[in-house]
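The structure appears below as structure tokens.
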Amino acid sequence: MTNELVGTVALVTGASSGIGEATAEELARAGAAVALVARRLDRLEALAARIRSAGGRAEVIEADVTRQADAEGAIATAVRALGRLDVVVNNAGVMLLGPAVGAPLEEWDRMVDLNVKGLLYVAHAAMPHLLSAAEGEPRRVADLVNVSSVAGRVARSGSAVYNATKWGVNAFSEALRQEVTERHVRVGLIEPGAVETELASHNRPEVMASLRQRFGSIERLQSPDIARAVLFMVTQPRHAAINELLVRPTEQAN
């Protein structure tokens with residue numbers, strides 16, 4: 001365990017697997033007490049047990065952030081249990097690809113509800129606590145990290161609504177950054193390329209086949225690669241803000 005985040009509290013959404021799970025462990029190793037937010041309670045409890053066995057502090061919060069009340073409740077529970085809130089990693093998301101023509105609208109609703117509305121609910125509930133944390137010790141700065149995607153930069157056929165949600169995350173993050181940066185709340189974007197997680201597994205079989213054809217030959221990123229990028233972002237000195245960080249596999253051209 002390092003001491004870069006000792007005395008701070010971090011909250012990670014989508015913490016039950018993949019990037020969220022790895023990020024929670026990385027922040028805990030840096031000394032933060034970590035609030036673990038997701039729907040799969042059994043996985044959160046297993047993660048919390050690992051963090052605690054390594055000497056860290058973790059609070060399990062079962063919540064579906066697509067519900068405003070759940071998102072607000074998760075923030076309130078974290079602050080009540082752990083005392084404050086210094087870092088929020090808005091990681092929960094879903095990627096459902098395929099042609100826009102004839103697409104199941106339920107897939108579009110799921111992406112908008114989680115990738116956009118869920119992220120907004122968490123950010124809205126967390127911001128007063130982040131502003132408060134930035135006013136005092138131990139760091140006199142706070143961080144909101146929104147996990148976007150290379151899909152928030154490059155639009156592709158077969159990715160229209162996923163692109164739309166991630167471009168929306170990018171635009172919201174930049175506008176919010178401008179609003180709060182002079183109060184020492186840093187708003188940063190992490191934009192992963194292809195990462196080996198469960199994210200793609202929620203797609204229809206024909207989409208999965210297309211993804212295997214597109215990415216099957218490249219060495220994908222692993223979740224800890226993105227977790228280290230998040231840690232790099234939130235452990236900068238107070239006067240330095242990493243606003244946007246694009247992390248692709250070396251072999252991914254676009």
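The values are calculated or read from the model by the stated rules, or taken from the named source; none is laboratory data. This one's a predicted model, so the numbers in the text were calculated from it and none came from an experiment. Heads up, the Cβs are rebuilt from the backbone with ideal geometry, glycines too, and the neighbour counts pull from every protein chain shown.
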Note to self: Condition first: surrounded by fewer than 23 Cβ atoms within 10 Å (Cβ to Cβ) and on the phi < 0 side of the Ramachandran plot. Now tell me which residues in segment 2-21 satisfy that.
What the structure shows: THR2, ASN3, GLU4, VAL6, SER17
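How many of the residues making up segment 211-241 are out of contact with any helix residue (DSSP H, G or I) (no Cβ under 6 Å at 6 or more places or on another chain), assigned to a helix (DSSP H, G or I) and either loosely packed, with under 15 Cβ neighbours inside 10 Å or at pLDDT 95 or above (or both)? First the steps, then the outcome.
At the first step, the residues of segment 211-241 found to be out of contact with any helix residue (DSSP H, G or I) (no Cβ under 6 Å at 6 or more places or on another chain) are 212-222, 225, 228-229, 232-241.
After this cut, where a residue has to be assigned to a helix (DSSP H, G or I) as well, the list is 212-215, 225, 228-229, 232-234.
Right, trim to either loosely packed, with under 15 Cβ neighbours inside 10 Å or at pLDDT 95 or above (or both) and you get 212-214, 225, 228-229, 232-234.
Residues flagged as out of contact with any helix residue (DSSP H, G or I) (no Cβ under 6 Å at 6 or more places or on another chain), assigned to a helix (DSSP H, G or I) and either loosely packed, with under 15 Cβ neighbours inside 10 Å or at pLDDT 95 or above (or both) within segment 211-241 amount to 9.
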Checklist line | Subset tally (residues that are within 22 Å of GLY83 (Cβ to Cβ) and either more than 17 Å from the chain's Cα centre (by Cα) or among the polar types (S, T, N, Q) (or both)) for segment 112-170 | finding: 13
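Residue-wise test of (1) in a strand (DSSP E or B); (2) more than 17 Å from VAL88 (Cα to Cα); (3) in contact with an Asp or Glu (Cβ under 9 Å, 6 or more places away or on another chain); (4) at pLDDT below 95.
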position	(1), (2), (3), (4)
VAL116	no, no, no, no
TYR121	no, no, yes, no
MET127	no, no, no, no
LEU131	no, no, no, no
ARG140	no, no, no, no
ASN146	yes, no, no, no
ASN163	no, yes, no, no
LYS166	no, yes, yes, no
VAL169	no, no, no, no
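Quick one: would you say GLU107 is closer than 30 Å to SER217 by Cβ, surrounded by fewer than 24 Cβ atoms within 10 Å (Cβ to Cβ) and within 19 Å of the chain's Cα centre (by Cα)? Show your work before the answer.
Values: closer than 30 Å to SER217 by Cβ: yes; surrounded by fewer than 24 Cβ atoms within 10 Å (Cβ to Cβ): yes; within 19 Å of the chain's Cα centre (by Cα): no.
No: the conditions fail for GLU107.
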Margin query: Please pick out the residue among ALA54, ALA28, ALA63, ALA58 that is touching a residue at least 24 places away in the same chain (Cβ under 8 Å), under 16 Å from the mean Cα position of the chain (by Cα) and within 26 Å of THR235 (Cβ to Cβ).
Written below: ALA28
Margin query: I need a count of the residues in segment 175-209 that are surrounded by fewer than 21 Cβ atoms within 10 Å (Cβ to Cβ) and modelled with pLDDT of 95 or more.
Written below: 10
Checklist line | Enumeration of residues in segment 66-96 that are over 15 Å from the mean Cα position of the chain (by Cα) and within 18 Å of GLY168 (Cα to Cα) | finding: LEU96
Next item on the list: For residues that are closer than 30 Å to SER132 by Cα and without any contact (Cβ under 8 Å) to a residue 24 or more places away in the chain, scanning just segment 71-104, find the one that is surrounded by the most Cβ atoms within 10 Å (Cβ to Cβ).
Entry: GLY73
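When segment 234-246 is examined, which residues are found to be more than 12 Å from VAL141 (Cα to Cα) and hydrophobic (A, V, I, L, M, F, W, C)?
Let us first name the residues in segment 234-246 that are more than 12 Å from VAL141 (Cα to Cα), namely 242-246.
Once the filter is applied, which keeps residues that are more than 12 Å from VAL141 (Cα to Cα) and hydrophobic (A, V, I, L, M, F, W, C), segment 234-246 yields ILE242, LEU245, LEU246.
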